[in-house]
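The values are calculated or read from the model by the stated rules, or taken from the named source; none is laboratory data. Everything quoted here is computed from the prediction, not taken from an experiment. Counting neighbours? That spans all protein chains shown, and the Cβs are built from the backbone with ideal geometry, glycine included.
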Amino acid sequence: MPSLAERLARRTARFAERRADWSVFGFETAKDPRFARIQRRYLGASGSTDHGDLRGSIPATAFTMSIQTVPVGNMIPKHCHETEEVFFILEGECLVRCFDGGEVAEFPLGKWDLVQLPIGMQHELVNTGAVDCQVQTLLSTPQPRRPHYEDPELLALQAQQG
């Protein structure tokens, strides 16, 4: 049997080994360059068409976790999930805008602030600060379905990916 250190080494993800992946949301960027951002996967394949495509992350057993770098002025487009989503701001500032029917709520977030979004809540995130916004993103299932966009063009582009 492997030692404790060997077992835990397989469950350790180091920043230096994370891939700064601009391609995960490439179809969004094709629609609008302001949607460009980096994802670094730590747990699971959040947002992927292929949950086996871990891109170096640790397989998820309870939830997914990644770090997204949202450049100044860029944003995550309006979408929702079949699971809870949590944004924890590691660095920078952003505005999380949530939609429920005709109601809109805005939450300015800064370093070490968090918002937990309920299942099915339409939302978007905009970097409103002067530096890249580093957003820790968690989804409350190990293999979440892909985001559901309100924008029909983004849905079509996502479907073309497979």
Would you confirm, using the coordinates I've provided, whether residue 98 is surrounded by 15 or more Cβ atoms within 10 Å (Cβ to Cβ) and touching a Gly at 6+ places or on another chain (Cβ under 9 Å)?
no
Working only within the stretch 77-111, note down all residues that are under 19 Å from residue 63 (Cβ atoms), part of a strand (DSSP E or B) and touching a residue at least 60 places away in the same chain (Cβ under 8 Å).
79, 80
For a quick check of your reading of the model, give me the residue pairs whose first member lies in the stretch 53-66 and is charged (D, E, K, R), whose second is surrounded by 15 or more Cβ atoms within 10 Å (Cβ to Cβ), with beta-carbon atoms closer than 7 Å and at least 6 apart or on different chains.
53/45; 55/21; 55/41
Of the residues in the stretch 16-36, those that are part of a loop (DSSP other than H, G, I, E, B) and more than 26 Å from residue 61 (Cβ to Cβ) come to 22, 32, 36
Going through the stretch 124-147 one residue at a time, which ones are of a type in the set (Lys, Arg) and either closer than 24 Å to residue 72 by Cα or surrounded by fewer than 16 Cβ atoms within 10 Å (Cβ to Cβ) (or both)?
145
In the stretch 56-76, what residues are crowded, with 18+ Cβ neighbours inside 10 Å and not in a strand (DSSP E or B)?
57, 60, 74
The residue that is surrounded by the fewest Cβ atoms within 10 Å (Cβ to Cβ), considering only those in the stretch 32-47 that are over 16 Å from residue 138 (Cβ atoms) and within 11 Å of the chain's Cα centre (by Cα), is 38
Determine whether the stretch 118-130 contains at least one residue that is of a type in the set (S, T, N, Q) and assigned to a strand (DSSP E or B).
yes
Does the stretch 19-31 contain any residue that is on the phi > 0 side of the Ramachandran plot, surrounded by 11 or more Cβ atoms within 10 Å (Cβ to Cβ) and of a type in the set (D, E, K, R)?
no
Residue list for the stretch 95-134, restricted to those being under 22 Å from residue 154 (Cα atoms) and out of contact with any Asp or Glu (no Cβ under 9 Å at 6 or more places or on another chain)
100, 101, 102, 104, 124, 125, 126
Conditions (1) free of Cβ contacts under 8 Å to residues at least 60 places away in the same chain; (2) in a strand (DSSP E or B) -> residue 134 fails only (1)
Could you grab the pairs with beta carbons closer than 6 Å, sequence gap of 6+ or different chains, first residue in the stretch 148-159 and surrounded by 13 or more Cβ atoms within 10 Å (Cβ to Cβ), second one modelled with pLDDT under 90?
149/155; 157/27; 158/27
